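Q: Take a look at this one; I'll ask things after.
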Amino acid sequence: MKYTSINELSKFDYHDAIINIIYIQDGHMIWDISNINASTENSQNDFDKHMCVENAILIFEDAKIECITSSAYMQADEKEATVVPPDAYDAYIQSLSCEYINNLESVAQHEDGKYTAIFNMGGHVGGLVSLSFSKAVIKWDKYIGKAWYES
């Protein structure tokens, strides 16, 4: 792919990015996503505006799900968010296909060099997904114009 961004999760805007599919391969969690926006601080964005990336592959190397908190039923049943049990992580992750990312809540690097990121997921599933990983790589081929909020 033409562009590669390494450990720059906070240099992208994720609101309303679409998750095409999430899968695990060789210990890495891979997110095939559309419509993320590379900020002007991103090492791969030479434009003077935040730019929309058409399709990207986000690879979390040596990924581990730390916690998932689901809010899927909050609006319908007015229930509080619930912690998803570890044996239901796979089903929850699979249910994120065709959903969207509200935003990246936080990303932190720890003393051991590993990272933790928390994503706020939207759509019918909803909730927070906390991941630990050794490296985050985002790859893409082209920009499709300025981010919608730059117009």
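Q: Can you run phi through the Karplus equation (6.51, -1.76, 1.60; θ = phi - 60°) for the stretch 108-115 and list ³J(HN,Hα) in whole Hz, with x for Gly and Pro?
A: Result, ordered by residue: 9, 9, 9, 4, 7, x, 7, 10 Hz.
Q: Among TYR14, TYR100, TYR92, which one shows the biggest mean-square fluctuation in a GNM of the chain, springs joining Cα atoms closer than 10 Å?
A: Among TYR14, TYR100, TYR92, the largest mean-square fluctuation in the Gaussian network model of the chain belongs to TYR92.
Q: Next up: Could you give the nm distance between label points at TYR149 and SER106, where each point is 7 Å from its Cα heading toward the beta carbon?
A: 2.0 nm
Q: Less than 19 Å from a label point 7 Å out along the Cα-to-Cβ axis of THR82: which backbone N atoms in the stretch 90-132 qualify, by residue?
A: Zone members listed by number: 90-96, 121-130.
Q: Continuing with the same structure: When ligands, DNA and RNA are left out and all protein chains stay put, how many square angstrom of accessible area per residue does the chain have with a 1.4 Å probe? Intermediate results must be reported in sequence, preceding the final value.
A: On the way: 8160 Å² over 151 residues.
Per-residue value: 54 Å².
Q: Further question on the same structure: How much length is gained on full extension from ASN7 to LYS135, taking 0.36 nm per residue of separation minus their Cα-Cα distance?
A: Values: separation 128, 0.36 × 128 = 46.08 nm, distance 0.61 nm.
So the extension gain works out to 45.5 nm.
Q: Enumerate lysine pairs in the chain that are 8 or more residues apart or on different chains, then count those whose Cα atoms are under 25 Å apart.
A: 21
Q: Using the Cβ atoms and a cut-off under 15 Å, what net charge is assigned to the surroundings of SER106, where Lys and Arg are +1 and Asp and Glu are -1?
A: -2
Q: Oh, and also: Can you list the equivalent-ellipsoid semi-axes of the stretch 1-77, largest first and in whole Å, using the square root of 5 times each Cα gyration tensor eigenvalue? Let's see the in-between values first.
A: Working: eigenvalues 122, 64, 26 Å².
Listed largest to smallest, the semi-axes of the stretch 1-77 are 25, 18, 11 Å.
Q: What figure, in Å² to the nearest 10, do you get for the accessible area of HIS15 with a 1.4 Å probe and non-protein molecules left out?
A: It works out to around 60 Å².
Q: If DNA, RNA and ligands are ignored and the probe is 1.4 Å, what is the ranking of CYS52, CYS67, CYS98 by accessible area, most exposed first? Don't skip to the answer; put the middle values down first.
A: Details: CYS52 20, CYS67 45, CYS98 110 Å².
Per-residue accessible area, sorted high to low, gives CYS98, CYS67, CYS52.
Q: Run the accessible area of the stretch 81-151 with a 1.4 Å probe and give the carbon-and-sulfur part as a rounded percent.
A: Values: 2020 of 3820 Å².
After summing per-atom areas, the C and S share lands at 53 percent.
Q: Can you give the helix-only mean residue ellipticity at 222 nm for the chain, where every DSSP H stretch with n ≥ 4 adds -39500 (n - 2.57) and the sum goes over all residues, rounded to the nearest 500 deg cm²/dmol? Please list the in-between numbers first.
A: On the way: 2 runs with 11 residues, N = 151.
Mean residue ellipticity at 222 nm (helix-derived): -1500 deg cm²/dmol.
Q: Okay, which of the stretch 1-30 sit inside 17 Å, backbone N to the point 7 Å along the Cα-Cβ direction of LYS142?
A: Those under the cut-off are 1-4.
The values are calculated or read from the model by the stated rules, or taken from the named source; none is laboratory data. This structure is a prediction, so every number in the text was calculated from the model and none was measured. Positions of Cβ are generated from backbone atoms using ideal geometry, with glycine treated the same way; all protein chains shown enter the neighbour counts. To get the accessible areas, we keep the full protein, side chains included, count just its heavy atoms, and leave off ligands, DNA and RNA. Shrake-Rupley method; radii C 1.70, N 1.55, O 1.52, S 1.80 Å.
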